[in-house]
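**Student:** Got a structure for you, written out below as structure tokens; questions coming shortly.
No value in this document is a laboratory result; all are computed from the given coordinates. The shown structure was predicted, so the numbers you read here are calculated from the model rather than taken from an experiment. We place every Cβ from the backbone using ideal geometry, glycine too, and count neighbours over all the protein chains shown.
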Amino acid sequence: MTSMEDNRHRITINIAGTDRHFSNITPEEEGYMRMAAKMITHKVEEYKGKFANLTVQDALSVTSLVFVTQLIKERRNNDVGDLEQRIAELNNSLDEYIKTNL
């Protein structure tokens, strides 16, 4: 049996026209990184198409801002969902306690 450490390798990923090299990457990480690179490149091309004077660096900055903003929103939504679930669980526990003890 091989460990996850044994499957790590070096990859090259093109992001917005520039090759980037990454070391010590698992096959699972590689798949996610390649999907992310495609999303980033697509968004950069979209912004460069909309704004002719935008440099690649500026387009990457705007893309990063958009994606991180979406990530923050998702995390907040998940936190609220987790809190709602925990409140429902506590409410159910309280109902059971009241039924059996009062």
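**Student:** For an R0 of 22 angstrom, estimate the FRET efficiency from the Cβ-Cβ distance between Val56 and Asn24 and round to the nearest 0.05.
**Tutor:** Step by step, r from the Cβ atoms, then E = 0.25.
**Student:** Which one, Thr63, Tyr47, Gly31, is farthest towards the positive end of the dipole of the chain when Lys and Arg carry +1 and Asp and Glu -1 on their Cβ?
**Tutor:** Working it through, the farthest residue towards the positive pole turns out to be Tyr47.
**Student:** Who wins for biggest fluctuation among Val44, Val56, Val80 in a Gaussian network model of the chain, springs between alpha carbons below 10 Å?
**Tutor:** Sorting by GNM fluctuation, first place goes to Val80.
**Student:** In nm, to one decimal, how far is the modelled label at Asn7 from the one at Thr69, with both set 7 Å along Cα→Cβ?
**Tutor:** Taking the two extended label points, one gets 3.6 nm.
**Student:** With charges only on Cβ, +1 for K and R and -1 for D and E, what is the dipole size of region 4-101 about its Cα centre, in debye, rounded to 20?
**Tutor:** Using only the charged Cβ atoms, the result is roughly 500 debye.
**Student:** If you build a Gaussian network model of the chain, linking Cα atoms that sit under 10 Å apart, which residue out of Leu60, Leu71, Leu90 swings the most?
**Tutor:** Leu90
**Student:** Can you return the aspartates and glutamates within cross-link range of Lys73? Criterion is Cα-Cα under 20 Å, with same-chain partners fewer than 8 residues away left out.
**Tutor:** Correct list for Lys73: Asp82, Glu84.
**Student:** On a full-extension model of 0.36 nm per residue, what is the gain between Tyr32 and Glu84, subtracting their alpha-carbon distance, rounded to one decimal in nm?
**Tutor:** Contour length minus Cα-Cα distance gives 15.7 nm.
**Student:** Which one, Arg20, Arg75, Arg86, has the greatest fluctuation when you compute a Gaussian network model over the chain with C-alpha springs under 10 angstrom?
**Tutor:** Arg86
**Student:** Additional query: Would you compute the Debye intensity of the chain from its alpha-carbon atoms alone, equal scatterers and no solvent, and pass along log10 I(q)/I(0) at q = 0.20, 0.22 Å⁻¹ to two decimals?
**Tutor:** Taking Cα atoms of the chain as identical point scatterers yields -1.03, -1.09.
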